[in-house]
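*Asks:* Before I ask anything, here is the structure I am working with.
The values are calculated or read from the model by the stated rules, or taken from the named source; none is laboratory data. Only a predicted model underlies this, so the values are computations on that prediction, with no experimental measurement involved. When we count neighbours, we look across all protein chains shown, and the Cβ atoms used for this are built from the backbone with ideal geometry, even at glycine. Ligands, DNA and RNA are excluded from the accessible area calculation, which covers all protein heavy atoms including side chains. Shrake-Rupley method; radii C 1.70, N 1.55, O 1.52, S 1.80 Å.
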Amino acid sequence: MKKTLTTCPYCGTGCMFYLLSDENNDKILGVEPSRSHPVSQGSLCVKGWNAFDFVNHPDRLKFPLIRRNGNLEQASWEESLDLIVRNLKKIQEKYGNDSVMFFSSAKTTNEENYLMMKLARAVFKTNNVDHCARLCHSSTVAGLAKTFGSGAMTNSISCMEKSDCFLVIGSNTTEQHPLIGTRIMNSVIERGAKLIVADNRKIRLASYSDIHLRHKNGTDVALLNGMMHVIIKEGLEDKQFIAKRTENYEELKNTVENFPPAISAEITGLKAEDIVKAARIFSKADRAMIVYSMGITQHTHGVDNVKSCANLVMLTGNIGRPGTGVNPLRGQNNVQGACDLGALPNVYSGYQKVTDENIRAKFKKAWNIKDLPGNVGLTVTTAINAAAEGNLKALYVMGENPMLSDPDQNHVREALEKIDFLVVQDIFPTQTSELADVILPASCFAEKNGTFTSTERRVQRVRKAIEAPGESRTDWKILCDIAKRAGYDGMQYSSAKEIMDEINEVTPSYSGITYDRIDQIGLQWPCPDKSHPGTPILHVDKFARGLGLFSPAPYKPPAELPDEEYPFVLSTGRCYFHFHTGTMTRRSKLLDREERFPYVEINPEDASHLKIHDRDYVMVATRRGEIKAMARVTNVVLPGVIFMTFHFSEGAANVLTNNALDPEAKIPEYKVCAAKIRRLS
Amino acid sequence: MKAATLKELENFFKTCESEYDVLVPIELHDGTRSLGKITDGPLALAGELIPQKTTSIFFPQRETMFTIGIDNNFIVPEPPEKPIMVVGLTAEDAECLEFIDKFFSTDYRDDIYFKKRDNSVVFVISGKCGKNGEFLKISGGKCDIELVCNGDKYIVVPYTEKGNELEKHLICSTEIASLEALHKESDALPTNEKDILLEASKLIAQDRVPEEFWDEIANRCIACTGCNLVCPTCTCFHVGDLNFEGIVVRERIWDSCQLDGFMREASGHNPMGIEGQRTRRRIHHKLVADLDRWGHVTCFLCGRCDEVCPTNIGIKSVTKEIVDRFGQK
């Protein structure tokens, strides 16, 4: 049995384990956690323990498929790659370079994300490249870049063990980032750290909290402004920190002046005294941190939410030290890396702007090409709209499943059906590949080398344990083949390491991160040179932008609120046992067994009014569509709120969600829309 | 008795490879201690507890039970080409192995398990070779050979015929070594953990541990299932079929009683539907139900569930809490 040290392919926590494989290099036989890894420390969550199971599933895509006369038929690589390049070029000639879009993937490696953005920019001359960070943390990237100058988790996971106080807002940490959640839980139980949970749902952490704020969905800004109002009024702010390290404080003061506890309470539905209590607990702690996730980001005011979190930690001087900071927990294994490597429409790797002429000149030279586009490209969300309007003609999707993950699925289907040419590169057939003109079979994490970057900015090795099935190829090799066929010679590599060498050259924050240095334990960026030890805590003496910028936000309600016809707030998210669109977890026996049906959480009070019993089939409807699900009658949700997960194609929550976007980050409002629910007889 | 140096043992293990599939404690890439081939990493006879259960050599996380081919031919896995020699069980692990041997052969004999287990040779390592030189209990049996570390060398103690045969081929510079002092040290090891375990067993059996306690512990459980997966006496598995274009492979993979789906009925009803009940079951089963069935508890205090649990509710922690809170003051 062979044991290969690699990084877990599920969430952004970045646990490492050994994949156990057979002597023939074709079957994964189990996992063994890494004992020395700083995050795993010999433990894993249930998804990690089962991360071996989907790899050898019979459904794996094994050869390319081309649609002929409406049917997907087996084809050769040669023919498939030629067809892709020919069609993309043809469409670009007819409709312009920006009529083509590339979806990169937070499930693939850093090297592959780098190549996807290089392919889009250097070869196809478009900045239309984006990935699912748009749907999860684009508001973080925008909000924290604005306030601090760097859009990533400020501290390390190990900092959780040093914090005196946690504000967990919009993160069901024990379920979505289990080995981070357990650190928070242990800190409370064993060290007596304070815990404020601000979440509408009664999550596991809430039972350990000093105070559980069940504010109305989408009122985070009002809550945070209310807390800051109290802190300033009671003189609990960190005056020295504000004076020395920040700017624009007066404006913050003016904005939060309008949020006395009574007003904040009215908007949030909380008791005024609870807001006061939370403000005091947070500001009186020596080392307090905010931990947040999609509950903060997935709103039409997601960027405002993020900025408000940043404002609160600056106001209380809780940044740049162990145990403090703004700690957005990234959802996908490599969503941090996909952003870092420039799979975004506005930046190259290392967040270097495409609109900056000097930066373009640098990349032109590095990539040995004459020109690069300088306009900001489409996002995942605006691309779907552009396709629906007929302005986007071709889409190349690598390892994403927008048919299930993007809001307002009927709209997505219309858009994808309207597109002239759809390429899907994936490891399994998906709801999106059903619509594809060409499908390319890719390798999964167990079958290739590369790196993932975890939520704490730690760049870690991914190692090949077994051979990929059938004719499938690694994503990076496929992208290189496409580039070559399109007439570009500057994208040929003999190994993933060679790609990282190039990343080191052009990406200042990754310059010092080489395969040799991260052989056992990864390094945290920024790591600007080969002797730099990495950066566990950002903004220690100085913010990345110099001074921290207080960026006050007014309260804006969600785009769609309940009314008479649609009286419930529908919020969506994930459950512990499944990951995103379920492509992998629903093909893992134990995980699939745990949650087998689409379900909707409803409060007993509402259920009783509607004569809905636990496990009854119900129809949930919004203005966008309706789906069937099984009722889960539970106090986890408040009266008036229902909650669904988006894992299930047979009851896809994203048929219901609203494609209303944050104006800056273009993130959809997955967390709030108006819905109705009825029992099926 | 012979006493072997590390080098002599390493040479010996290498010579055994012609006859056996030899698995020894090694250091993996990042220093994690594990069982592997001698060529897979540096030999690590001494060190921290091997995190993975050592019984996984005979009962792995995933294995094929049978395959039905396209012509409906029924293929069962062959026994390994060479018998397995596994080195590095602790005394506690050896007790666990003895128990699962019994478990897998009572009422129904599990062929898949015994194809690997039959003809295998098991070495226990004990003495001054734990984490930071900590003394590991001497087994005194329940294996074929024991290697007892005296801080310098490993005294070789064969117990079975197979063990005697192997010992003959082990070339050592030291032919005469005494175990006496080491036995004394082993006998003097504290037994409080065992006392606590048995006391907790009684308290649970006497129904003196209230439901609220189990709910409280369960609230800390994130259902990672690690406690079950690293437990050498956990034997539950899930059965599933993979259909590769007409070829059906039936597999079994480790399962966990901490999952809702473990006991859930097809109707959706679950007699163990509450987390607290599942947490209670994990402990009750080993300390009470198994005591009734087998005449002894089936936790041998190997310590792995305490090491793997991210929220510190392994069996040692929970039984200690039970005794502290509900035991005789």
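*Asks:* Out of (1) open to solvent by 10 Å² or more (accessible area, probe 1.4 Å); (2) touching a residue at least 60 places away in the same chain (Cβ under 8 Å); (3) of a type in the set (S, T, N, Q), what's the single condition that is false for residue A:305?
*Replies:* (1)
*Asks:* Name the one entry in A:590, A:549, A:570 that is open to solvent by 30 Å² or more (accessible area, probe 1.4 Å) and either in contact with a strand residue (DSSP E or B) (Cβ under 7 Å, 6 or more places away or on another chain) or within 30 Å of residue A:216 (Cα to Cα) (or both).
*Replies:* Within the list A:590, A:549, A:570, the selection yields A:549.
*Asks:* Would you please list the contacts, defined by Cβ atoms under 6 Å and residues six or more apart or on different chains, that run from a residue in region B:94-118 that is more than 16 Å from residue B:81 (Cα to Cα) to a residue that is small (Gly, Ala, Ser)?
*Replies:* Between residues of region B:94-118 that are more than 16 Å from residue B:81 (Cα to Cα) and residues that are small (Gly, Ala, Ser), the close pairs are B:94/B:139.
*Asks:* If a residue has to be closer than 24 Å to residue B:304 by Cβ, more than 24 Å from the chain's Cα centre (by Cα) and acidic (Asp, Glu) to count, how many in region B:186-217 make the cut?
*Replies:* The total comes to 1.
*Asks:* Follow-up question, since we're still on this one. Condition first: more than 7 Å from chain B (Cβ to nearest Cβ), surrounded by 22 or more Cβ atoms within 10 Å (Cβ to Cβ) and under 13 Å from residue B:307 (Cα atoms). Now tell me which residues in region A:38-51 satisfy that.
*Replies:* A:40
*Asks:* Then there is this: Quick check on residue A:319: is it of a type in the set (Val, Ile, Thr), in a loop (DSSP other than H, G, I, E, B) and buried (at least 24 other Cβ atoms within 10 Å of the Cβ)?
*Replies:* Criteria met by residue A:319.
*Asks:* Spot the failing condition for residue B:255; the list is (1) under 25 Å from the mean Cα position of the chain (by Cα); (2) farther than 19 Å from residue B:100 by Cβ; (3) facing another protein chain (nearest Cβ under 10 Å); (4) charged (D, E, K, R), and only one is missed.
*Replies:* Residue B:255 satisfies all of (1) under 25 Å from the mean Cα position of the chain (by Cα); (2) farther than 19 Å from residue B:100 by Cβ; (3) facing another protein chain (nearest Cβ under 10 Å); (4) charged (D, E, K, R) except (2).
*Asks:* With the checklist (1) surrounded by 13 or more Cβ atoms within 10 Å (Cβ to Cβ); (2) at pLDDT below 95; (3) more than 14 Å from chain A (Cβ to nearest Cβ) in hand, flag the one item residue B:242 doesn't pass.
*Replies:* Here residue B:242 meets the rest and fails (3).
*Asks:* Restricted to region A:455-493, and to residues that are part of a strand (DSSP E or B) and aliphatic (A, V, I, L, M), which residue is farthest from the chain's Cα centre (by Cα)?
*Replies:* In this case the residue turns out to be A:462.
*Asks:* Assuming residue A:588 fulfils every condition listed in (1) over 20 Å from residue A:400 (Cβ atoms); (2) touching a residue at least 60 places away in the same chain (Cβ under 8 Å); (3) among the hydroxyl-bearing types (Ser, Thr, Tyr) apart from one, which condition is it?
*Replies:* Among (1) over 20 Å from residue A:400 (Cβ atoms); (2) touching a residue at least 60 places away in the same chain (Cβ under 8 Å); (3) among the hydroxyl-bearing types (Ser, Thr, Tyr), the lone unmet condition for residue A:588 is (1).
*Asks:* Counting residues that are open to solvent by 40 Å² or more (accessible area, probe 1.4 Å) and in contact with a Pro (Cβ under 7 Å, 6 or more places away or on another chain), which strands (runs of 3 or more DSSP E) fully inside region B:1-108 reach at least 2?
*Replies:* Result: B:21-27.
A quick yes/no check of all residues on (1) part of a loop (DSSP other than H, G, I, E, B); (2) within 25 Å of residue A:171 (Cα to Cα):
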residue: A:526; (1), (2): yes, no
residue: A:534; (1), (2): yes, no
residue: A:537; (1), (2): yes, yes
residue: A:606; (1), (2): no, yes
residue: A:614; (1), (2): yes, no
residue: A:620; (1), (2): no, yes
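*Asks:* Right, next: Just to be sure before I move on: is residue A:556 among the basic types (Lys, Arg) and either closer than 12 Å to residue A:677 by Cα or crowded, with 22+ Cβ neighbours inside 10 Å (or both) in the structure I sent?
*Replies:* No.
*Asks:* Could you pull out the residue among B:269, B:296 that is at the interface with chain A (Cβ under 10 Å from one of its Cβ atoms) and open to solvent by 20 Å² or more (accessible area, probe 1.4 Å)?
*Replies:* Working: B:296 fails: at the interface with chain A (Cβ under 10 Å from one of its Cβ atoms).
Just a single option satisfies the conditions, and that option is B:269.
*Asks:* Here's a follow-up. Pick out the one residue from A:435, A:523 that is under 21 Å from the mean Cα position of the chain (by Cα) and away from chain B (no Cβ under 14 Å).
*Replies:* Working: A:435 fails: under 21 Å from the mean Cα position of the chain (by Cα).
Sole residue among the options that is under 21 Å from the mean Cα position of the chain (by Cα) and away from chain B (no Cβ under 14 Å): A:523.
*Asks:* Separate question: Please verify whether residue B:307 is within 11 Å of chain A (Cβ to nearest Cβ), of a type in the set (Asp, Glu) and under 25 Å from residue A:184 (Cα atoms), treating the condition exactly as stated.
*Replies:* Values: within 11 Å of chain A (Cβ to nearest Cβ): yes; of a type in the set (Asp, Glu): yes; under 25 Å from residue A:184 (Cα atoms): yes.
Answer is yes for this residue.
*Asks:* Looking at region A:12-37, which of the residues that are at pLDDT 95 or above and more than 10 Å from chain B (Cβ to nearest Cβ) is nearest to residue B:309 (Cα to Cα)?
*Replies:* A:15
*Asks:* Would you check which residues across region A:135-175 are β-branched (Val, Ile, Thr) and touching an Asp or Glu at 6+ places or on another chain (Cβ under 9 Å) and list them?
*Replies:* Hits for region A:135-175 are A:157, A:168, A:169.
*Asks:* Okay, moving on. Name the residue that is nearest to residue B:49 (Cα to Cα), counting only residues in region B:218-239 that are open to solvent by less than 10 Å² (accessible area, probe 1.4 Å) and of a type in the set (Gly, Ala, Ser).
*Replies:* Within region B:218-239, the match that is nearest to residue B:49 (Cα to Cα) is B:226.
*Asks:* Now, a different point. I want to confirm something. Restricting to region A:639-659 and keeping residues that are open to solvent by 20 Å² or more (accessible area, probe 1.4 Å) and assigned to a strand (DSSP E or B), which single residue is farthest from residue A:614 (Cα to Cα)?
*Replies:* Going through the qualifying residues, I end up with A:659.
*Asks:* Here is a follow-up. Look at region A:502-514 and say how many of its residues are open to solvent by less than 60 Å² (accessible area, probe 1.4 Å), over 18 Å from residue A:105 (Cα atoms) and assigned to a helix (DSSP H, G or I).
*Replies:* Going through region A:502-514 one residue at a time, the tally reaches 5.
*Asks:* Filter region A:354-381 down to residues that are modelled with pLDDT of 95 or more, not aliphatic (A, V, I, L, M) and not in a loop (DSSP other than H, G, I, E, B), then give me how many there are.
*Replies:* Here the count works out to 8.
*Asks:* Here is a follow-up. Kindly provide the set of residues from region B:87-110 that are within 12 Å of the chain's Cα centre (by Cα) and within 23 Å of residue B:17 (Cβ to Cβ), ordered by number.
*Replies:* Of everything in region B:87-110, those that are within 12 Å of the chain's Cα centre (by Cα) and within 23 Å of residue B:17 (Cβ to Cβ) turn out to be B:88, B:89, B:93, B:94, B:97.
*Asks:* Mind counting the residues in region B:174-200 that are more than 15 Å from residue B:150 (Cβ to Cβ), open to solvent by 50 Å² or more (accessible area, probe 1.4 Å), in a helix (DSSP H, G or I) and among the aliphatic types (A, V, I, L, M)?
*Replies:* Qualifying residue count for the region: 1.
*Asks:* While we're looking at this one, here's another question. One residue is enough: does region B:275-293 have a residue meeting the conditions open to solvent by less than 50 Å² (accessible area, probe 1.4 Å), away from every other protein chain (no Cβ under 12 Å) and part of a loop (DSSP other than H, G, I, E, B)?
*Replies:* Scanning region B:275-293, I find no residue that is open to solvent by less than 50 Å² (accessible area, probe 1.4 Å), away from every other protein chain (no Cβ under 12 Å) and part of a loop (DSSP other than H, G, I, E, B), so the answer is no.
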